[in-house]
Structure formats: structure tokens, C-alpha cells
Amino acid sequence: MAATAPERMLLVDGEWVETGDWVEVASPYDGAPVARVAKAGAAEARVAVDAGERAMRNPLPAHKRAEILVRVAGALGRRADEAARLIAAEAGKPLKAARVEVARAMSTYTMSAVEARTLAGEMVPMDASQAGEGKLAFTRRVPVGVVGAISPFNFPLNLVAHKIAPALAAGCAVVLKPASQTPLSALLLAELETEAGLPPGWLNVLVGPASEIGDVLVEDERVRLLTFTGSAEIGWGLRERAPRKRVNLELGNATPVIVEADADVEDAAARCAANAFSFAGQSCISVQRIYVQSEVYDRFREAFVPRVERLVVGDPADEDTDVGPLISTDDRDRVLAWVEEARAGGATVLTGAELENGLLRPTVVERPPRDAKLACEEAFGPVCTLEPYDSLDDAIDRANATRYGLQAGIFTSSLRAALDATERLEFGGVTVNEAPTFRADQMPYGGVKDSGNTREGPAWAVREMTEERLVVVQL
Ligand code: NAP
């Protein structure tokens, strides 16, 4: 007889609660039940906002907030294997990548603790004008209020950490709605924060219908800031519906890479192969569009395609697996349809576009037509495009030919070309001689254009989650 899937409760006002209704969490790899989680709706969301508001009436001093954050980082380290296996089970992320995510979440907590301890305002040089003579002025950073946080499925631990750890550092209570497909990692973090001494109400985690919980977070005026990571359509829609709140958006990308003829071509090919297919391309900065200068195009292709073909496709729970499943078979079929659209427009499939035990093999598409979805929209799957270009101007134009602008990369040994590209690529971040999939968690990370309107990374997120209050003292 199959073992019964474990049950998980929601965290509301410091209590683990059941609702009588359930959300089933199943493995994207084989559909096996992973757990079922109590299902929240609008009523629980209102109770959670009440709890957050009440908690904030008794502010926690910075050293206590920092101590809790440090304890969570330590506890995550001790339970790293369990956390990685949970990510692999609920998201279908290969264990190799899941372990990296756990280490990164520890660093997100550690950096947030630093921010908690160093959060301070600024002195204003009052006697710099006649009006200010005889006065002292400074700013204090005060928490913005209750934060509503909505997170996606693809980094179910670390992207939740990027919301709840800086919020605690800033002194804000949080109502979190993780992705319905991957709520378990978020609930593990909630457990660790509670065990680390977080008082009731500071963190509330609700799993359930996005529209119902989202509507409360949008409509309740006590939620002063919404932090959303996910798809552009939903993110910008939330912002339109909440004009009086801060709505911080971290959205998608169609990540381009430029490889100049003077680059270390083998190194570029190795880094692109590793970063186009990790977690089956389901990273917002997965390498998707590779532009290679014509002179070295054949060399790059010969170095790149065999590396892609050597990636191990299979069970995410297997330590050797590089590429696992997409989050759903619908997504797999959508990616295949995008490849077929490019092929119908004249592109060549160099490898992939076929299933191995139901999993989409890493796919490389050569010379897609400019208007194909693969050439400008976010694929969010194990597929990338490859095409030659003649001039850097042309490569930059093509890289910019998308509504997105999160991160881009260039490989070159010319400082001039690198700096020129960093100026003209319309993206929130540009990597030089590294794949644009690179992210360290203390970096200011975020996009322009349809990719978002904010920067995450504890130092930046804490600034967004606090208000600057001016104090003027007559001496
Ligand atoms: P998604 O479908 O937009 O979902 C993200 C979150 O929004 C989920 O928690 C979802 O809940 C919730 N949601 C859906 N409809 C909503 C509504 N009407 N009101 C309020 N919340 C709503 O995105 P995803 O498929 O999980 O994630 C993939 C996307 O995230 C990609 O576009 C990727 O590029 C982007 N992403 C961006 C970053 C970044 O930092 N820039 C990082 C990672 C991912 P349910 O799960 O319950 O539907």
C-alpha cells in the first residue's frame, strides 16, 4: 500500500492551522503525491493581515531580528539535505541545483542579518543653508508596514527567503503566499523562523487560490507593500490594481548572451551549456538566446552542442541528474510547440526537441526567425537559440529586441567592447565573461522594461521595505 502523503498546516498568528480543505502537492517528475497542505482563502488572509498588524505594534529590536535571522541560517545549514530533497520533490529540481539553492538561502539570511544590524538613517547637514542654522536633522528608517509577499515555483526556498528575510530585517511583518505547486519549502522556512524565536504574527504563510489571497493583499490598505516574483502578466496586473501601494516586481526575461570573436570560446560554450539547462531552463535568467560573432560561430557550436548532449536527463532525486522535468506537462508541450514554430519558420534543431522517458531533452535551435517566440519571449524551458552576427552593434540590437530586461551577458577580451555593451544593453544587470544566469544573493538584482521595477538583494530590499522619516530638532 502506498504511504500516505504527509500533511502540512498553515502558519497564521503563530499557530499551525488546518482549514478542513487541502491543496495537493505532487512531484512534477512522476506525479507521486508529496504532501497535502491546508488550503487558505480570503478569510484566513484577513486574519493573517490582522495578525501582522498586531505584531508590528510591538517592534522587535534590531539585534533580536538579526539573531533570529542568523539562527535560521544555521538551522538551514543543519537541515540542508532535508531542504534540498524537499525542493527536489516539490519542484522537480535536480538535487545538485537544489543543494546550491539551499546554500544560497543561507547566504540570503546571513546578509539580511547584516542589514538588520546596520539599518540606519542619515544626518542632514542643516547649517549648509541659512534656514537650517541652529537646527539638527536626521532621518530614521522605519518599517513600511505589513508586507504582502507572493513567490513563484522555481526557487521555492531562496526566493521566499529573499522576501521574508529582508522584511524581518526591516522590521516588517509578512503575509506570504508561495506558489501552490511548491509551498513546502516556504513552510519549512516558517518552521525554522518560529523555532528561531520569531514571535506570533510576524510571519504568516497561506497556501491557496492565488486570486482569493491575492485580492486581500491588494485590497487591504494595511498591506503597505506588495513584493511579487513571477510572470510579467500577473505582476503588472497586480501593480495596476494597487496604485496606492508600493508594488515591487521581479519578473521574467529572455536572457541573451553575446560571444565576441576575441572571447575564450571554449569557456563561453561551457558556461552557456551549464546555464541554459540548469533546472530545465526554469530560471528567470536561464541562458536563452546566444549570439556568436561569425568568425568563431562554427567553433562555438562544435564546443557547445556536444556539451549539451552530455547533460544527464532524468530523476531529480538522482545526484547525477543535470536536467529534470518541467513543472507541468502543459509547459513541456508549450516549449515543444515554440520549437516547432521556429522550425516552421526556417530554424534548424541542432539537438533535442524529443522526449526521454517523458522529459524534454536539452534543445538547441539554430537561426530562429526574428519574430519566433523563442527569439524574443521567455521560453522558461530547456531550450536555447544559437545564431551568428557580424558586428557588435547588430548583436546588441538583437539582444535588446525583447520586451524584457533582467540580465544579459557578453564574452570578450576587449575592455572597450565589454564596457560598450554594459552601457547599451537594456538590462538590469550585465555579466562580462560569465553567463548572465549568475547571481550572488547580496547583488542588487532586478530588471527594466517588462522585467520589473525593483532590485532584490537584502541591502536593496530592506531599503524598499522601510520609509525614511525626517526628524528636525531645534537646538
Ligand atoms: P506565476 O504564474 O506568475 O506565479 C507566481 C506567483 O503568483 C504564484 O504564487 C502564483 O500563485 C501567484 N499568482 C498567480 N495569479 C495571481 C493573482 N491573480 N493574484 C495574485 N497572485 C497570483 O509565475 P511562476 O510560473 O510561478 O514563475 C515563473 C515566472 O517567474 C517566470 O516568468 C520567471 O521568469 C519569473 N521569475 C522571476 C524572477 C526574478 O527574480 N525576476 C525569479 C524567478 C522567477 P499560484 O501558484 O497559486 O498560481
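The values are calculated or read from the model by the stated rules, or taken from the named source; none is laboratory data. Keep in mind it's a predicted model, so treat the numbers as computed, not measured. Counting neighbours? That spans all protein chains shown, and the Cβs are built from the backbone with ideal geometry, glycine included.
What are the residues in the stretch 272-293 that are farther than 20 Å from GLU319 by Cβ, within 11 Å of the ligand (Cβ to nearest atom) and assigned to a helix (DSSP H, G or I), if any?
Passing the criteria: only GLY281.
Can you tell me which residues in the stretch 143-152 are within 10 Å of the ligand (Cβ to nearest atom), over 9 Å from the mean Cα position of the chain (by Cα) and not β-branched (Val, Ile, Thr)?
GLY148, ALA149, listed by residue number.
PHE279 passes all but one of (1) on the phi > 0 side of the Ramachandran plot; (2) modelled with pLDDT under 95; which number fails?
(2)
Across the stretch 79-95, what is the total count of residues that are free of Cβ contacts under 8 Å to residues at least 24 places away in the same chain and farther than 19 Å from GLU191 by Cα?
Selection size over the stretch 79-95: 0.
Does THR227 satisfy the condition of being closer than 26 Å to GLY201 by Cα and touching a residue at least 12 places away in the same chain (Cβ under 8 Å)?
So THR227 passes the test.
Considering only the stretch 303-328, state which residues are part of a helix (DSSP H, G or I) and either within 22 Å of the chain's Cα centre (by Cα) or surrounded by 13 or more Cβ atoms within 10 Å (Cβ to Cβ) (or both).
Those that are part of a helix (DSSP H, G or I) and either within 22 Å of the chain's Cα centre (by Cα) or surrounded by 13 or more Cβ atoms within 10 Å (Cβ to Cβ) (or both): ALA303, PHE304, VAL305, ARG307, VAL308, GLU309.
Which fully enclosed helices (runs of 4 or more DSSP H) of the stretch 181-271 have 1 or more residues being more than 15 Å from the ligand (Cβ to nearest atom)?
Answer list for the stretch 181-271: 184-195.
Restricting to the stretch 50-83, what's the tally of residues that are in contact with an Asp or Glu (Cβ under 8 Å, 6 or more places away or on another chain) and crowded, with 24+ Cβ neighbours inside 10 Å?
Qualifying residue count, the stretch 50-83: 2.
What is the one condition in (1) more than 16 Å from the ligand (Cβ to nearest atom); (2) buried (at least 24 other Cβ atoms within 10 Å of the Cβ); (3) under 21 Å from the mean Cα position of the chain (by Cα) that PHE155 does not satisfy?
Condition not satisfied by PHE155: (1).
Under 30 Å from GLU133 (Cβ atoms) and out of contact with any helix residue (DSSP H, G or I) (no Cβ under 8 Å at 6 or more places or on another chain): does that describe VAL471?
yes
Go over the candidates LEU86, LEU60, LEU69 one by one and state the one that is on the phi < 0 side of the Ramachandran plot and outside any helix (DSSP H, G or I).
Every option except LEU60 fails the conditions.
What residue, among those in the stretch 100-143 that are of a type in the set (Val, Ile, Thr) and out of contact with any Leu (no Cβ under 8 Å at 6 or more places or on another chain), is surrounded by the most Cβ atoms within 10 Å (Cβ to Cβ)?
THR108
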